[in-house]
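S.K.: To start, I am sharing the structure in question, which I have written as structure tokens.
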Amino acid sequence: MELIKVSNYLCGRFMLANLKKDKLSLLKGQLLAACSVDSLGKTKTEVVYYDTPDFFFADKGINIYTVEDKKSKDLIIRYDNEQVQRIEFIKNAPNFFKLKLESKLFSLMNYAKQIDDAIYQVFPEGLHVNIEDMLRASSAQVRITKKSEEFRVVNNKGLKSTIFFSNCLYSNARSGARFAQDNLEVIGESTVKKEMFDLFLKYIVVDCPQLIRIDNNELSLARKNL
């Protein structure tokens with residue numbers, strides 16, 4: 001099982017007031033009218049964030065989570081820009097590492113070495129703690145269940161992206177507290193230039209001003225509302 005480095009990850013997220021109406025508004029709007037738009041169908045995904053009860057890793061800018069759908073399950077070690085930008089780390093670091101899991105039965109400690117390797121590739125001096133001890137103290141903290149409809153969007157300037165209209169249920173894995181939110185997520189392909197992608201996100205707001213840009217990542221959003 002090999003860790004896959006993923007760089008140049010482009011993602012924008014928006015909160016929807018009404019999933020059905022906002023989806024129709026964007027799909028029928030001027031922006032996507034000038035694009036090729038293909039439906040990719042509907043999916044259900046579960047995302048589980050793992051950390052210590054006091055969120056040691058998240059507060060260091062490291063998000064550890066699994067993403068599971070009916071076909072596969074991946075382990076992700078992501079570097080949170082909200083935190084990592086305030087930390088000295090090596091240049092050209094990947095946005096995240098991904099490991100395809102051979103079994104959907106998951107234990108964090110079974111992948112301690114891979115997580116440790118991913119952390120030291122971005123933080124060469126380490127976190128000044130025993131990573132295995134912190135992983136041993138970690139468990140599921142936040143679960144997000146997403147029911148999404150996906151579309152692939154290509155414009156005549158070479159921008160290629162996938163957009164997800166999702167109903168998301170956020171829950172605290174320990175207390176059971178929960179809240180729901182409808183989101184639009186836009187993910188650009190790795191060959192897309194960041195400037196072009198950012199402009200596309202701005203045009204989404206121009207086309208649908210009722211959409212609210214979400215600057216926090218999913219885990220930060222969950223921690224604020226649960």
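The values are calculated or read from the model by the stated rules, or taken from the named source; none is laboratory data. Quick caveat: nothing in here was measured; it's all calculated off a predicted structure. All Cβ positions, glycine included, derive from the backbone under ideal geometry; neighbour counts span all protein chains shown. Calculation scope for accessible area: heavy atoms of the full protein, side chains included, ligands and nucleic acids excluded. Shrake-Rupley method; radii C 1.70, N 1.55, O 1.52, S 1.80 Å.
S.K.: Looking at T66, T43, can you tell me which residue is of a type outside the set (G, A, S), part of a strand (DSSP E or B) and crowded, with 16+ Cβ neighbours inside 10 Å?
M.R.: Details: T43 fails: crowded, with 16+ Cβ neighbours inside 10 Å.
Just one listed residue meets the conditions, T66.
S.K.: While we're looking at this one, here's another question. Which of the residues spanning the range 188-206 are open to solvent by 40 Å² or more (accessible area, probe 1.4 Å) and not basic (K, R)?
M.R.: Within the range 188-206, the first condition is being open to solvent by 40 Å² or more (accessible area, probe 1.4 Å), and the residues that meet it are 189-191, 193-196, 198-199, 202-203, 205-206.
Result: E189, S190, T191, E195, M196, D198, L199, Y203, V205, V206.
S.K.: What residue, among those in the range 156-182 that are aliphatic (A, V, I, L, M) and closer than 20 Å to L27 by Cβ, is surrounded by the fewest Cβ atoms within 10 Å (Cβ to Cβ)? First the steps, then the outcome.
M.R.: Going residue by residue through the range 156-182, those that are aliphatic (A, V, I, L, M) are 159, 163, 169, 173, 177, 180.
Keeping just the survivors that are closer than 20 Å to L27 by Cβ gives 159, 163.
Numbers: L159: 19, I163: 24.
Ranking the qualifying residues of the range 156-182, first place goes to L159.
S.K.: From the residues in the range 165-219 that are outside any strand (DSSP E or B) and within 16 Å of the chain's Cα centre (by Cα), which one is farthest from A34 (Cα to Cα)? Please lay out each step first, then the result.
M.R.: So the first thing to find is which residues in the range 165-219 are outside any strand (DSSP E or B), and the list is 173-177, 189-211, 214-219.
From what's left, within 16 Å of the chain's Cα centre (by Cα): 189-190, 214-219.
Numbers: E189: 19, S190: 22, I214: 25, D215: 27, N216: 30, N217: 29, E218: 30, L219: 34 Å.
Among those residues, the one meeting the criterion is L219.
S.K.: So which residues in the range 130-155 are touching a Lys or Arg at 6+ places or on another chain (Cβ under 8 Å) and buried (at least 18 other Cβ atoms within 10 Å of the Cβ)?
M.R.: Hits for the range 130-155 are Q141, V142, K146, S148, V153.
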